Amino acid sequence: MTNQEKSIIIIGAGAAGLAAGIYGQMNGYKTNIFEMHNIPGGLSTAWKRKGYTFDGGMDWIVGIDPKMEEHLIWRELGALKGKKVAFYDELFRIKDREGKICTFYADPKKFEEELSQFTSYGEDLKKIKHLCKSIGRFSKAPSFSYKKPENLYGFFDKLAVMLKFLPYMGILTKYNGVMISDFAKEFRDPRLREIISYIFYNPDIAYSVFPPLFTLANMYNKNAGYPEGGALGLGKSFEARYKELGGQVEYEKRVKKIIVKDNRAIGILLADGTEHFADIVISACDGRTTIYDLLEGKYLNDDINRMYKEATVHPSMVRVFLGVNQDFKNEPHTAIYLKDKPVEVSGLISKNQNSILVRHYCHTEPSYSPSGKSVLTSFFIANYDEWKELYKDRERYKKEKEKVADIVIEHLEQTYPGIRKKIEYVDVSTPVTIERYTGNYKGSIMGWIATSEIDVWSKRVGMTLSNLDNFYMIGQWVVYGGVIRVVGSGRFVIQMQCDKDQKKFATMLD
Ligand SMILES: Cc1cc2nc3c(=O)[nH]c(=O)nc-3n(C[C@H](O)[C@H](O)[C@H](O)COP(=O)(O)OP(=O)(O)OC[C@H]3O[C@@H](n4cnc5c(N)ncnc54)[C@H](O)[C@@H]3O)c2cc1C
């Protein structure tokens, strides 16, 4: 058989699976994607209700700036072609209990001035200066490269990467090594301490300071933005590109098992009982399902066991979506309100939730609501186990969802009197919703929490499993989440297969 005729089955039409399909088609493989849902995109999704579109999977993507090396991947995937991109001047505004507003500007100078108003302590001012200077400096950093997977790096590739990031290692090490909660505690002014603890929206996720620093730097240099069409628009663009290249995707086909013969993956068994065979199988769906269910836990090793037992799963969310007959275009796109009393929402990670976030899309994607109206959303970091328990009693589950929506609506009514009457549609999604629609473990929205530890583990586990040939895993459980990272894994997997087949990896631009 020639390489040109090799076939690949891909499990899952999320961003990672579709990207693998696109690169597979570009390289002469005959690919076929099996997806359990009836639309592409996986977590990168949205749904329409009564003229409103609720985006369930994206706030921004990085790699927008054509000068950045990583932008190439969007060109190859045809993801941004002809699309306008909305940029952010600020991450959000936070209103404290005395009504004072602090804007988290992307511009580091403005951010420094803003934060400095909240303290008169010299140590605090020094820390603010260092943080903002680091944002400014990091905004000049080169981007990650998706040109080649690390396991295909030679000595000079490794050296080039090292030299490229060497000037930024100080920032990376300092801010990656400190958790937001600990960093916030370093400030002397109590009000500033609290505000800083929100630097990545919610103090209850165990992030280091690096992700918000990275995000602000990328917003400042206009490398992060919201492409027209949002999350589902991206999924649809990937699907269109894939089909244009001759790829096949079959929806409403749940994979039940990966068929293995003599320690080689040879095909899949679907829930409808049919079997499908190929030379190579790539799983682009939930990692735990792949390893422990589809492969029945037969291809484990210490690294996998450890990672799946000990690594921190990125928590899920409970989200309220509202279609409102009121124009929010002059309001901040994202506002966080600190509350006097804890917000009593069921099933949250925090037992002391004392803020409510409100976001609208009038700036990023006006088409999400009819003219003069708005989509509003609010989210809380949720405890999957509690929502799963509630889901066993559908009446209670429904009531708790209504309660969360009421809390958000009550808050809005206090902030925008009269708005309650203008609400035309209410929808609530929970960790169980995410699990049901995408199969992600505990309804995780990003796979693992990005830490330096998971960086090491995910590299050690990699995309292949020991003793199982013709098989790969990609997506957010392999490289952890974020659309650009998972599509990068789709590129890498085909590069690895091309390398194995001793053929030159080829791409095409949109
Ligand atoms: C609320 C939210 C906000 C986010 N914000 C951002 C953001 O601002 N920027 C950013 O870059 N990223 C963001 N993300 C993360 C990003 O959306 C994900 O990391 C990324 O889309 C994951 O892609 P994936 O292909 O790895 O996995 P998934 O999207 O989970 O795709 C897996 C696919 O496999 C299918 N599947 C599962 N099991 C089976 C089976 N047995 N048989 C067949 N098919 C199966 C699923 O239906 C799904 O379509 C956000 C996610 C969420 C939910």
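Observations on the model:
- Annotation: amide H of residue 473 within the under-5 Å range of 283, 464, sequence separation 5 or more or interchain, hydrogens built in the peptide plane.
- Under-5 Å amide H pairs with residue 10, H placed in peptide plane, nonlocal only: 32, 33, 34, 282
- Cut-off 9 Å between beta-carbons: net charge of the residues surrounding residue 229, Lys and Arg +1, Asp and Glu -1: 0
- For region 486-496, the Karplus equation 6.51 cos²θ - 1.76 cosθ + 1.60, evaluated at θ = phi - 60°, returns couplings of 6, 5, x, 5, x, 6, 4, 5, 6, 4, 5 Hz by residue, with Gly and Pro reported as x.
- Counting Lys and Arg as +1 and Asp and Glu as -1 over every other residue whose Cβ lies under 14 Å from the Cβ of residue 188, the net charge comes to 0.
- Exposed GluC sites (Glu not before Pro) absent - longest run of the chain, DSSP non-H/G/I/E/B, at most 13 other C-beta within 10 Å: 345-510
- Using the rule -39500 (n - 2.57) for each DSSP H run of four or more residues, divided by the residues of the chain, the 222 nm mean residue ellipticity is -10500 deg cm²/dmol.
- Gyration tensor (alpha-carbon) shape descriptor, region 15-174, a/c threshold 1.5: oblate
- Residue-wise HN-Hα coupling along region 35-47, computed from phi with Karplus coefficients 6.51, -1.76, 1.60 (Hz; x: Gly, Pro): 10, 6, 7, 9, 9, x, x, x, 5, 7, 9, 7, 9
- Distant-in-sequence amide contacts of residue 382, defined by a placed amide H-H separation under 5 Å and a gap of 5 or more residues or a different chain, comprise 316, 317, 318, 349.
- Distance in nm between pseudo-label sites at residue 148 and residue 327 (7 Å out along the Cβ direction from Cα): 5.4 nm
- In the chain, the DSSP beta bridges split such that about 70 percent are antiparallel, to the nearest 5.
- Among the listed pairs 236/329; 30/459; 185/339, those whose Cα-Cα separation exceeds 23 Å are 236/329; 30/459.
- Coupling constants for region 113-126 follow from the phi torsions by the Karplus curve (6.51 cos²θ - 1.76 cosθ + 1.60, θ = phi - 60°), and in residue order they are 4, 4, 5, 5, 5, 8, 8, 10, 7, x, 5, 5, 5, 5 Hz; glycine and proline get x.
- Counting only residues at least eight positions apart within a chain, or on another chain, the lysines with an alpha carbon under 16 Å from that of residue 133 are 109, 110, 174.
- Local electrostatic count, residue 291, Cβ distance below 14 Å [Lys/Arg +1, Asp/Glu -1]: 0
- With all protein chains in place and a 1.4 Å probe, the accessible surface of the chain carries 51 percent carbon and sulfur.
- Relative contact order computed over the chain (Cα-Cα under 8 Å; 6+ residues apart), in percent: 24 percent
- Euclidean distance between Cα centres, region 226-263 to region 149-205, Å: 33 Å
The values are calculated or read from the model by the stated rules, or taken from the named source; none is laboratory data. Quick caveat: nothing in here was measured; it's all calculated off a predicted structure. No Cβ is skipped: glycine too gets one built from the backbone with ideal geometry, and neighbour counts run over all protein chains shown. With ligands, DNA and RNA removed, areas are computed over all heavy atoms of the protein, side chains included. Shrake-Rupley method; radii C 1.70, N 1.55, O 1.52, S 1.80 Å.
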